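The values are calculated or read from the model by the stated rules, or taken from the named source; none is laboratory data. Just so you know, these numbers come straight off a predicted model, no measurement behind them. We place every Cβ from the backbone using ideal geometry, glycine too, and count neighbours over all the protein chains shown.
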Amino acid sequence: MKKTSWLVFALLVTALTACSEDVKTPADIYKGQSAETIFQGGDAALAKGSYKDAVDSFEGLDALYPFSPYEEQAQLNIIYAYYKTGDYAMSVAAADRYIHLYPRGAHVDYAYYMKGISNTTVNRGLGSGLVELDISSRDLGSAKEAFNDFAELLRRYPDSPYAAAARSRMVYLRNMLAQSEVNIAQFYYDRRAYVAAANRANVVVQDYQQAPAVTQALALMVRSYRKLDLEEPASRAWQVLAYNYPDSKEYKDLIAESQRPH
């Protein structure tokens, strides 16, 4: 039995070694080709929508000819190619690499924009309702990073052709993040964790002042503070809601609740 086991093990190691030797890097694939040929092949693959092939070409160019006249454009192209393959983390990394290598490049605004787009796409769907399993696992980090990417783009390049789209996406991200915070606050409220609910709702009021979810956050603060018998902060939240959003559903619901017999 021991001899058989060792034989199987040896065969397995041999097979794995053979497989590893068959795996070729982009540098291996394009070795011997000129920088121009590799770049043109990547460009053609990009135009045809063969994004994985485009990635391989541009990575091969970077490995073999890091100082070629095609390198900067290849670094830009690979940001988009990675994004189209669905590898958003690598798209972000490629954008960071371009920004680091070409801080005064003509297309740094594009790199910031694509970085924001990729970080936004990672967190698609955050605006939907959270369920219990999502509360501890849902990561808002990428969405916040996307917001910061677009903000940096606008700070550095206010006249960029991507500025208008960046502003629009920032509004979307702000509203999405605010709604997610409200969903978490509601989660705590439903489980009678009123302090946590009030604190989370307060984050929305303080940090996302123009988001539609602010009215929900204020109403949650009123209800949570009342459950805690804290009438002064409950009254302040009520007054802010009444003054700023008198026509909101949340304000009308609170009035209806206060008129019900206890």
Practice item. Could you please let me know if S136 is surrounded by fewer than 10 Cβ atoms within 10 Å (Cβ to Cβ), modelled with pLDDT under 90 and of a type in the set (S, T, Y)? Key: yes
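Would you check if there is a residue in the stretch 220-235 being surrounded by fewer than 12 Cβ atoms within 10 Å (Cβ to Cβ), under 17 Å from V182 (Cα atoms) and under 31 Å from the mean Cα position of the chain (by Cα)?
Looking through the stretch 220-235, none of the residues is surrounded by fewer than 12 Cβ atoms within 10 Å (Cβ to Cβ), under 17 Å from V182 (Cα atoms) and under 31 Å from the mean Cα position of the chain (by Cα).
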Exercise for review: Could you please let me know if G41 is at pLDDT 95 or above and either aromatic (F, W, Y) or more than 24 Å from N148 (Cβ to Cβ) (or both)?
Suggested key: yes
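Pick out the one residue from Q186, Q209, Q239, Q216 that is surrounded by 21 or more Cβ atoms within 10 Å (Cβ to Cβ) and not hydroxyl-bearing (S, T, Y). Quick ask: steps written out before the conclusion?
Values: Q186 fails: surrounded by 21 or more Cβ atoms within 10 Å (Cβ to Cβ); Q209 fails: surrounded by 21 or more Cβ atoms within 10 Å (Cβ to Cβ); Q239 fails: surrounded by 21 or more Cβ atoms within 10 Å (Cβ to Cβ).
It is Q216.
Would you pick out the residues in the stretch 176-207 that are hydroxyl-bearing (S, T, Y), modelled with pLDDT of 95 or more and under 21 Å from E145 (Cα atoms)?
Going through the stretch 176-207, the residues hydroxyl-bearing (S, T, Y) turn out to be 180, 188-189, 194.
Okay, now just the ones that are also modelled with pLDDT of 95 or more, so 188-189, 194.
Matches in the stretch 176-207: none.
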Exercise for review: Counting only residues that are among the acidic types (D, E), give me the helices (runs of 4 or more DSSP H) lying completely in the stretch 140-242 with at least 1 of them.
Suggested key: 141-156, 163-190, 194-207
